[in-house]
Amino acid sequence: MDLADSPEDAEFRARLREWLGKVLPTLPPKPSPDDWPGRRAYDLGWQRTLYDAGYADVHWQATPGVRLIFLEETEKAGAPYVGAGFVGLLHAGPTIAAEGTAGQRARWLPPILRGEEVWCQGFSEPDAGSDLAALRTRAWRDGDDYVVSGSKIWTSHAEVADWCELLVRTDPGAPKHKGITWLAMPMDTPGITVRPLRTLAGSAEFAEVFLDEVRVPVTHRVGEENDGWRVTMVTLSFERGTAFVGEVVACRRVLGELAVAARRNGRWDDPVLRRRLGALNAEFRALWRLTQWNVSAAEAQGGLPGVGGSVFKLRYSQARQELYDTAADVLGDESLDADRPWVHDRLSSLSYTIAAGTSQIQRNIVAERILGLPKGR
């Protein structure tokens, strides 16, 4: 498989790199991490800048190869991350582009691309995290609406979201994977209560969401009723397939910074630390090649990431934790100072073996769908 840039991709890379060099110095300062209205405005402003320059559609309307180049170059240049646009650009948007009707695509995709609307993800529940198909939030038909009651947890960016990609159970009598439906729910609908959750790192990008007879139009259903699990697999393939590409580039940059810091503070003299840094360098180089392979495979399969994303997610989660554990060793006692670089990253890395599908779930997917092993009983 040829992983080198095609002439068209090379031209795109050069043009994007030149544009980033001109635009990034003109951006305003980033708001405080706790200022979510400010962060929303900043993130949407960056998305609008991308839109005006013709780069807004790379997340689902460009080829996987161009998408990979965009994520690589923007991360290398230190461009703003998608931030509050994460769910809309990397989860809900690609899902609607792949599974939505023409009318749904026309209604929801342009505002995401223009930086006008934020989406949140209403998947996990208190008793349905790793076993997502065990969700119990109920929706029943009442004329042209679904009436939804239940609760969600770890809902990303709910406090500043306009829309929620919501999984509900529409047929409680069906096998648990068969009675689920994927809805797009307006977050200003009566009956919705949002309670922010503060993480170990001190941030509040997640929330609990309580739904009390919330009415969602049937026209907001993506896919058929009770076919939501299949649609969800499309969403999760994007979440595990390409959503972490920029983070791999960031981790490779951090690894270089760790080596510089270790030389500066004398910890480079420790041969064990040097071996760990060398092993991590090999690890992230391999993960980058795996990412390129997955993207090339997705391009050959019509643009949808495959189960190879689970292989990547499984190993990347562990490698990221190992990277920031090594950062703590480089920092020494300063790793207890929350104001030092990499300390908050180390705390957030603990969630990676849980978020976007636990490592146990990823191992099951690899075993059953790639290796062909029998399902556990």
Taking each pair of different alpha-carbon atoms in the chain once, compute 1/r for the pair, average those values, and report the inverse of that mean as the Kirkwood hydrodynamic radius in Å to one decimal.
21.9 Å
Would you list which aspartates and glutamates come within 18 Å of LYS375, measuring only between C-alpha atoms, while excluding same-chain residues fewer than 8 positions from it?
ASP131
Taking N as the number of residues in the range 124-254, the ratio of its alpha carbon radius of gyration to 2.2 N^0.38 Å works out to 1.12
Taking Cα pairs under 8 Å and at least six residues apart, what relative contact order does the chain come out at, in percent?
14 percent
Quick one: Debye curve from the C-alpha atoms of the range 94-177, no solvent, what's log10 I(q)/I(0) at q = 0.13 Å⁻¹?
-0.51
What shape does the range 44-115 have by the C-alpha gyration tensor, where a ≥ b ≥ c are the square roots of the eigenvalues, rounded means a/c under 1.5, and otherwise prolate means a/b greater than b/c and oblate the rest?
prolate
Please list, or write none, the aspartates and glutamates whose alpha carbon is within less than 16 Å of the alpha carbon of LYS76, excluding same-chain residues fewer than 8 places away.
GLU18, GLU247, GLU257
For HIS91, HIS344, give the ranking by accessible area with the largest first, probe 1.4 Å.
HIS344, HIS91
Given GluC sites (Glu not before Pro), DSSP loops and at most 14 other Cβ atoms within 10 Å, the longest exposed-site-free stretch of the chain is 225-377
Could you pull out the pairs from LYS178/LYS313; LYS30/LYS152; LYS152/LYS313; LYS152/LYS176 whose alpha carbons sit more than 20 Å apart here?
LYS178/LYS313; LYS30/LYS152; LYS152/LYS313
Simple spin-label model, 7 Å along Cα-to-Cβ: ASP35 to ALA282 in nm?
4.6 nm
Name the long-range amide H neighbours of ASP145: under 5 Å, sequence gap of 5 or more, or other chain; modelled H, no Pro or chain starts.
VAL218
Along the range 106-111, what does the Karplus equation 6.51 cos²θ - 1.76 cosθ + 1.60 (θ = phi - 60°) give for ³J(HN,Hα), rounded to whole Hz, x for Gly and Pro?
5, 7, 9, 6, x, x
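Once you have a ≥ b ≥ c as the square roots of the Cα gyration tensor eigenvalues for the range 169-223, tell me rounded if a/c is under 1.5, and otherwise prolate or oblate according to whether a/b is larger than b/c.
The shape class here is prolate.
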Please report the accessible area of TYR81 (heavy atoms, 1.4 Å probe, ligands and nucleic acids excluded) in Å², nearest 10.
100 Å²
Under a crude label model (7 Å from the Cα following the beta-carbon direction), how far is ARG13 from ASP144 in nanometres?
5.1 nm
Report, ordered by chain and residue number, the aspartates and glutamates lying within cross-link reach of LYS22, taken as a straight Cα distance under 16 Å and ignoring same-chain residues fewer than 8 apart.
ASP52, GLU73, GLU75
Which of the three applies to the range 1-98, rounded, prolate or oblate, going by the alpha-carbon gyration tensor with a ≥ b ≥ c and a/c under 1.5 meaning rounded?
oblate
For the range 104-232: relative contact order, % (alpha-carbon pairs under 8 angstrom, 6 or more apart)
27 percent
Relative contact order [Cα under 8 Å, 6+ residues apart], the range 1-151, whole percent:
20 percent
If unit charges are put on Cβ atoms (+1 for Lys and Arg, -1 for Asp and Glu) and the dipole of the chain is taken about its Cα centre, the option from TRP293, GLY278, LEU258 lying farthest towards the positive end turns out to be GLY278
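The values are calculated or read from the model by the stated rules, or taken from the named source; none is laboratory data. Given the structure is predicted, the values throughout are model-derived calculations rather than measurements. In this analysis, Cβ positions are derived from the backbone assuming ideal geometry, glycine residues included, and neighbour counts consider all displayed protein chains. The accessibility values were calculated without ligands, DNA or RNA, using every heavy atom of the protein model including side chains. Shrake-Rupley method; radii C 1.70, N 1.55, O 1.52, S 1.80 Å.
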